[in-house]
Amino acid sequence: MRVPLTLIIGATLTGAVLLMALISLIWTPFPVEALDIAQKLQPPGPVHWLGTDHFGRDVASMLMVGARTSIAVALIAVGIGIALGVPLGLWAAANRGRWIDEVIMRGNDLVFAFPSLVIAILITAVFGPSAVNAIIAIGIFNVPVFARVTRGAALSLWTLDYIRAAQVAGKRRARISVEHILPNITNLLIVQGTIQFSLGILAEAGLAYVGLGAQPPTPSWGRMLADAQTMISFAPHLAIFPGLAIVLTVLGLNLIGDGLRDLLDPRLRRGK
Amino acid sequence: MLRFILSRLASLGLSLIVASLVIFTVTEVIPGDPVSYMMGLNAPPEVEAALRTLLHLNGSAPTRYLAWVVGMLHGDFGTSYTYRVPVAGLIAARLQVSLPLTIYALILSTLIALPAGMIAAARRGRPTDAAVMGATQLGIAVPNFWFAMLLVLLFAVRLHWVQAGGFPGWDKGLWVNLKALTLPAIALALPQASILARVMRSALIETLGQDYIRTARAKGLSRAQTLRRHAFRNALIPVLTILGLQFSFLLAGAIIIENVFYLPGLGRLIFQGITQRDLIVVQSVVMLLVAAVIVVNFAVDLAYALIDPRLRRPA
Amino acid sequence: MTLLSTRDLSVSINGTPILDRVSFDVAEGEVFGLVGESGSGKSMTALALMQLLPHGARATGAVQMGGRDLLALPERQMCALRGREIGMIFQEPMTALNPVQTIGAQVAETLVIHGAASRSVARAQARHHLDRVGLADIPLGRFPHELSGGQRQRVCIAMAVALRPKLLIADEPTTALDVTTQAQILDLLRDLVAQERMALMLITHDLAVVAGIATHTAVMQAGRIVEAGPTEVLFRQRAHSYTRRLFAASAHVPQRAPTASATPLLHVENATRDYQLPRATPFAAPGHHRAVNAVSFTLNEGESLGLVGESGSGKSTLARAILGLDVLQGGTIQLGGEAVTAGHHMHATMRAKMQVVFQDPYGSFNPRHHVARLIAEPFHLLPKPPTDGAARINEALTAVGLTPDDANKFIHEFSGGQRQRIAIARALIIRPKLIVLDEAVSALDVRVRAQILDLLASLQASHGLAYLFITHDLSVLRAITDRVLVMRAGEIVETGATAQVLNAPQHPYTQSLIAATPRIPEGWFKETTDAAQPLV
């Protein structure tokens, strides 16, 4: 089976970002907390590859540590979405047309009416800002996404005869969901997972940018962009690099998603 | 059709009620006493009591909830803790910026995305398709507020074509305000247009594989005629779904992007509300945003029925 | 006079050969039948004539019509020709019409596109064309979803013949329809050919359909035409061995020893099953549709009982209730003297007494499990996994004509017929007394179907099985059942011994069903040595 080019490029980009995040655990070019006012607002150069900010902090180092925040927030949010959304979707599909299906789907619609930003605003207004809020806000928004995808795919499987055969073999709906439905929608969930991961990176950046995400001194890409905004006329590098980091990460994840879809979706494979 | 609208209306009402309950619970029940929360720990009891009366926050949670809902139905969104003026007035002033911006962006996004998606689908597998797909792949990956900053850097800082931000106000005339909203609208619209163009393309390609397309070709329609007369309207159904979702993304995006352009919109109001613990403002603005999303989804449901007769008259 | 002449038509898709030097002629005003099994290239031939081949397909050879080679015509001229000189209808009427346009608009479009009429005139003419195909009482403003399958196929025909083309290509036009509807559509096509002096190229897998309508017939196998000629001559002589095998298989009746006893196994008493309809408004009480209405019958041990009916007759709903998948709203079902209840209230030992084989060989298996696990699934009904599980899997595979080695393969490695064998193995493994066969051979080509019927007959004798055979196909009934129940609109209208019901039906509905079923004339079977023909 040929590995799609999109998958290779995407994995390379994402792999590079992941690697930076991991390396930052043990080493960064400069300590991110170190303020060096004498070195403030340096443009990119041989010492500070990507320049320094208004406190003289090394932008490259901050980006590396910021990657950690972005990835952690987005990944945990995807985990929340899968952990809650997939069982709900399976449950709804197994009870198609009954009241429980109706309740789950109407609940889904309701959560969809609360964009991540609105959830973050609500949580922050009551509990104050933190990275955990961002995780919860993005995580909650992921739940109906996974529930819908799971239910939709599961419903089409439930019409197949092998499910009826399993029922004739006396298996209960819950067991059929786990044994026959879940393994056959895993590919779809993996693809959706990468998409939500990339959306999570974008959402985290947006929340941090408006001050609803990770708080200083924790470096985060969105926060860096917010700080850069007032200095954009004389220190544009502060705005450009964090943005590029976001773009490359999201692009990488989206390419992985597209590549995996081509690789895993047998319908598309047969079409080629 | 009437039955369909009635059933949608019923679910619209139910959604609004449940959403208001959720919002009320988070802002007024979870913090315990909203007044002491807003004033901080060391407020004297008599000041708290005075504020309670001023803000109409007397009574138990259920009575306060009812008062809130009934008030909103009469256009009374309560009194701001920070500004000590009716929240309704504050919101009305800010909406004059946020709503036009969202609609402007939605129109831009649709005008760019639908033709782009149609061209890509019609030229599937050819260079034009690859170019559209590549551009949209990039467009999806760009955070709108960063894109906005780049636009400011280019058009305001470097080229001096436009002001870096600000909003003159509608009394200064239509044109200057549209000009002030153009960069923000572009920044908002392009990433969403990328998503929409991809959905349009894949919906068209899916539709072009249907049996009735083959029937149309067998009747003697050319490829282009088939696309126009048969595929387009059927492909609009998934596109509408995304368009409905995009409204909520654009609304949220508008709130974020107002920061880049120093626009006095809902975003500024709500972020000030958060910093100043003004729960009344937060509660009302959030309710408004959520209600907007729910109402738009209701409109999308009705639009489905206009496009698809199977929803109007179930067999 | 020759209308269309195809010479050495070859088609390949992405380098894979699909058609190999196909040559045939269609004369003006005649019905030309093209028969073959699935995958033989019949549809591809039609699409090649219309120049509507899928992406990546390449056609060579020549298709002459009216002094032009269609294969060499530019797309613009093909567009002008499609619908005007050649009309085409397809197999699946449910999806062949645009769901968001009215039928009037879709019929009128043929006229408008070819400049034959203005929009308003076309609308009036659309009315006339719909009247002509027997839809006089259907308003132009109807949408496709408001019509039945047969009505939709009539709309397709009205669209295809609106400009009185010289040739109508019909690709399996009745395969998705019930027999009575099929007979009506075939009558309509026959009338159109006679009245309009239009030629009809009829593509089908069904020899009996061709026998009843076609002047000339060509038999296709694996992309080639193996035999062609005047239909009666071709059918009587059967010069090519493939034609002989097809012929034999379509009329095949397996050798059966009588196994039916007088001991009742399944007893259905006044079974009634309602479906809840969607609520009209959120607060309205939901309506009901009675799918099965007071059905009673008995199936004895070792007996083979056929349940025949058209789509929507309630036969599959009844089967679901018998299998304990759905709850009855009234009446009882007893198996071996114990009541069948639905859902997980039903005891495993009860479930173990009956198993099922479904129609679709492709949707019947979880693609992620290997065959051993697939056919062992009913072991779930035993209190604990059997100690001789592996031996029983081997035994079941051997019984259905596969080998124990197949246990480790995955389902995509098997053909449709082999999959149906695996489905039977899965049903056998728990040693049930009753197997419900829900259209179990309907999706198979005739030769494979004959083999599976043979297998079922021999398993019945060796394992003492009772069959409940649900089908819409009278030839299957004749081949494998002892007794028949005829079901219509949720009720059983006639019951009796198979030969008696099929040869001397009493109820008017049964009579119309049998009259509508296309048959190869008895006389054509003579002058053969079919019995000596191997099935494969």
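The values are calculated or read from the model by the stated rules, or taken from the named source; none is laboratory data. Fair warning: this is a prediction, and the values are worked out from it, not measured in the lab. As a convention, Cβ positions derive from the backbone with ideal geometry for all residues, glycine included, and neighbour counts pool all protein chains shown. Quick note on the areas: whole protein, heavy atoms, side chains included, nothing else; ligands and nucleic acids left out. Shrake-Rupley method; radii C 1.70, N 1.55, O 1.52, S 1.80 Å.
So here's what we get for this one:
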| quantity | calculated |
| --- | --- |
| Residue satisfying all of: in the range C:240-262; among the aliphatic types (A, V, I, L, M) and assigned to a helix (DSSP H, G or I); nearest to residue C:23 (Cα to Cα) among these | C:246 |
| Any hit, the range B:276-297, residues being part of a loop (DSSP other than H, G, I, E, B) and not acidic (Asp, Glu) | yes |
| Single residue of the range C:368-379 satisfying the filter (at pLDDT 90 or above and within 9 Å of chain A (Cβ to nearest Cβ)) that is farthest from residue A:167 (Cα to Cα) | C:369 |
| Residue check, residue A:92 in a helix (DSSP H, G or I), open to solvent by less than 20 Å² (accessible area, probe 1.4 Å) and modelled with pLDDT of 90 or more | yes |
| Subset of the range C:340-349 [more than 9 Å from chain A (Cβ to nearest Cβ) and either at pLDDT 90 or above or open to solvent by less than 30 Å² (accessible area, probe 1.4 Å) (or both)] | C:340, C:342 |
| Verdict on residue C:501 being in a strand (DSSP E or B) and either surrounded by 15 or more Cβ atoms within 10 Å (Cβ to Cβ) or acidic (Asp, Glu) (or both) | no |
| Selection count, the range B:1-38, where residues are hydroxyl-bearing (Ser, Thr, Tyr) and away from chain C (no Cβ under 14 Å) | 5 |
| Candidates A:78, A:47 - the one that is within 17 Å of the chain's Cα centre (by Cα) and either part of a helix (DSSP H, G or I) or on the phi < 0 side of the Ramachandran plot (or both) | A:78 |
| Sole exception among (1) touching a Leu at 6+ places or on another chain (Cβ under 6 Å); (2) without any contact (Cβ under 8 Å) to a residue 24 or more places away in the chain; (3) under 17 Å from residue C:292 (Cα atoms) for residue C:321, by number | (2) |
| Hey, residue C:60 touching a strand residue (DSSP E or B) at 6+ places or on another chain (Cβ under 9 Å) and surrounded by fewer than 22 Cβ atoms within 10 Å (Cβ to Cβ) or not | yes |
| Enumerated strands (runs of 3 or more DSSP E) restricted to the range C:125-239, each holding at least 1 residues that are more than 24 Å from residue C:100 (Cα to Cα) and under 22 Å from the mean Cα position of the chain (by Cα) | C:167-171, C:199-204, C:216-221 |
| Residue satisfying all of: in the range B:248-269; more than 17 Å from residue A:208 (Cα to Cα) and open to solvent by 10 Å² or more (accessible area, probe 1.4 Å); farthest from the other protein chains (Cβ to nearest Cβ) among these | B:264 |
| Flag if residue B:80 is at negative phi, of a type in the set (Gly, Ala, Ser) and surrounded by fewer than 16 Cβ atoms within 10 Å (Cβ to Cβ) | no |
| From B:218, B:187, residue being open to solvent by less than 20 Å² (accessible area, probe 1.4 Å), touching a Phe, Trp or Tyr at 6+ places or on another chain (Cβ under 6 Å) and at negative phi | B:187 |
| Qualifying strands (runs of 3 or more DSSP E) (wholly inside the range C:283-399; at least 2 residues being over 25 Å from the mean Cα position of the chain (by Cα) and closer than 25 Å to residue C:453 by Cα) | C:288-300 |
| Check on residue C:35, over 24 Å from residue C:177 (Cβ atoms) and part of a strand (DSSP E or B) | no |
| All helices (runs of 4 or more DSSP H) inside the range B:34-112 with 1 or more residues being of a type in the set (Lys, Arg) and at pLDDT below 90 | B:45-54, B:61-73 |
| Selection count, the range A:93-118, where residues are more than 14 Å from chain B (Cβ to nearest Cβ) and either touching a strand residue (DSSP E or B) at 6+ places or on another chain (Cβ under 9 Å) or touching a residue at least 60 places away in the same chain (Cβ under 8 Å) (or both) | 5 |
| Residue tally, condition within 7 Å of chain B (Cβ to nearest Cβ) and closer than 16 Å to residue B:219 by Cα, over the range C:93-125 | 8 |
| Residue match in the range B:213-223 (condition: in a helix (DSSP H, G or I), of a type outside the set (A, V, I, L, M), touching a Gly at 6+ places or on another chain (Cβ under 6 Å) and within 14 Å of chain C (Cβ to nearest Cβ)) | yes |
| Among (1) at the interface with another protein chain (Cβ under 8 Å from one of its Cβ atoms); (2) out of contact with any Asp or Glu (no Cβ under 8 Å at 6 or more places or on another chain) - the single one residue C:382 does not satisfy | (1) |
| Test: residue in the range C:83-105 that is in a helix (DSSP H, G or I) and open to solvent by 10 Å² or more (accessible area, probe 1.4 Å) | yes |
| Cβ-Cβ under 6 Å pairs, at least 6 apart or on other chains, the range C:1-15 side more than 16 Å from residue C:42 (Cα to Cα), far side outside any strand (DSSP E or B) and not acidic (Asp, Glu) | C:3/C:166; C:14/C:56 |
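Residue-wise test of (1) at pLDDT 90 or above; (2) within 14 Å of chain C (Cβ to nearest Cβ); (3) at positive phi.
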| site | (1), (2), (3) |
| --- | --- |
| B:178 | no, no, no |
| B:192 | yes, no, no |
| B:226 | yes, yes, no |
| B:229 | yes, yes, no |
